[in-house]
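The values are calculated or read from the model by the stated rules, or taken from the named source; none is laboratory data. These numbers were taken from a predicted model, which means no experiment stands behind them. Reconstructed Cβ throughout: ideal geometry from the backbone, glycine too, with neighbour counts over all protein chains shown. These accessible areas exclude ligands, DNA and RNA; they are computed on the full protein's heavy atoms, side chains included. Shrake-Rupley method; radii C 1.70, N 1.55, O 1.52, S 1.80 Å.
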Amino acid sequence: GAVVSQHPSWVICKSGTSVKIECRSLDFQATTMFWYRQFPKQSLMLMATSNEGSKATYEQGVEKDKFLINHASLTLSTLTVTSAHPEDSSFYICSASSFRGGSAAFFGQGTRLTVV
Amino acid sequence: QKEVEQDPGPLSVPEGAIVSLNCTYSNSAFQYFMWYRQYSRKGPELLMYTYSSGNKEDGRFTAQVDKSSKYISLFIRDSQPSDSATYLCAMSDGGATNKLIFGTGTLLAVQP
């Protein structure tokens, strides 16, 4: 299957600082990348959808100024959590799919963010 | 009503058992159906991908889609302790956004 690499796998940061998470598709061109948040024992909550070269589409209730998403190339998308607070602590996961509608999405390993 | 319903479990079975995992959905526009396996603190891993109705087999795994009943299933034969994980169904209408709609996941424990 296709490989999606997410980095870092875990990060601890101080409250008020910003954290950047990278998501790379290693062996295919990902025209669409998705960012999810997952709380313990819960399913994936879609935060935003990003298409290469255009602005991300955020789901209702997700603050676009807090969660900055950049999809500058067909293999890289980044999520920056700005001015992080303890309530932003969570498991963040990216996924990537190729252009064809109905394509399966492949997930990164996830990033565990802890804000102290 | 949620677009996709999935029994959260937990489901506990003995090693070697046949496991049946199911999802129902309400949107008749869904055409693409996937099953993912997620181990604790890891990203989901794609197990099965099917288009429209029918069966698909891959090793010990069989995926079934019944669009007339809006019902999909994943069967695991000869279950192993290493199959213990959360299983997520997902589906898409194949639209431009390619957005997947997920079930809540079923936690499976295979006892040795």
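Assorted remarks:
- In plain terms, if you count all Cα to Cα distances in chain B and split them into 5 Å steps from zero, the share in each step is 2, 13, 24, 25, 19, 11, 5, 1, 0 percent.
- For chain A, Cys with no neighbouring Cys Cβ under 4.7 Å: A:CYS13
- Taking the 1.4 Å solvent-accessible surface of region A:1-115 as the whole, the part contributed by carbon and sulfur is 52%.
- Over region A:1-52, the fraction of Cα-Cα pairs per 5 Å bin, rounded to whole percents and listed from the shortest bin up, is 4, 14, 20, 25, 22, 11, 3, 1.
- The three principal axes of the Cα atoms in chain A give end-to-end lengths of 40, 26, 23 Å, sorted in falling order.
- Burial of 50 Å² or greater, region B:24-69 residues [accessible area, probe 1.4 Å, versus chain by itself]: B:ARG41, B:PRO44
- Interface burial for A against B (accessible surface, 1.4 Å probe, total of both chains, Å², rounded to 100): 1600 Å²
- With every protein chain in place, chain B: carbon and sulfur % of accessible area (1.4 Å): 49 percent
- About its Cα centre, region A:1-79 has a charge dipole of approximately 260 debye under the convention of +1 per Lys or Arg Cβ and -1 per Asp or Glu Cβ, with nothing else charged.
- Radius 10 Å from Cβ of A:TRP10, net charge of other residues (Lys, Arg +1; Asp, Glu -1): +2
- Count Lys and Arg as plus one, Asp and Glu as minus one, and take only other residues whose Cβ is under 10 Å from that of A:SER77; the net charge is then -1.
- Under the convention that each Lys and Arg Cβ holds +1 and each Asp and Glu Cβ holds -1, the size of the dipole of region B:1-105 around its Cα centre is about 220 debye.
- Computed with the Debye formula from one identical point scatterer per Cα of region B:66-108, without solvent, the log10 of I(q)/I(0) at q = 0.14, 0.21 Å⁻¹ comes to -0.47, -0.85.
- Highest-fluctuation residue, A:SER73, A:SER25, A:SER97 considered, GNM on chain A with Cα pairs under 10 Å: A:SER73
- Exposure check, 1.4 Å probe, all protein chains in place: A:ARG24 carries approximately 100 Å² of accessible surface.
- Qualifying lysines (Cα of each under 19 Å from Cα of B:LYS70; at least 8 residues distant if same chain): B:LYS2, B:LYS56, B:LYS99
- Overall, the anisotropy analysis places region B:1-59 in the prolate class: the square-rooted eigenvalues a ≥ b ≥ c of its C-alpha gyration tensor yield a/c not less than 1.5, with a/b exceeding b/c.
- Rounded to 5, the percent of DSSP beta bridges in the protein assembly as shown classed as antiparallel: 90 percent
- For region B:1-56 versus region A:1-52, the spacing of their alpha-carbon centroids is 22 Å.
- B:ILE18 accessible area, assembled protein chains, probe 1.4 Å, Å²: 120 Å²
- The residues neighbouring A:VAL116, those whose beta-carbon lies less than 15 Å from its own, together hold a net charge of 0 under the Lys/Arg +1, Asp/Glu -1 convention.
- Cα gyration tensor, the protein assembly as shown - rounded (a/c under 1.5), prolate or oblate: prolate
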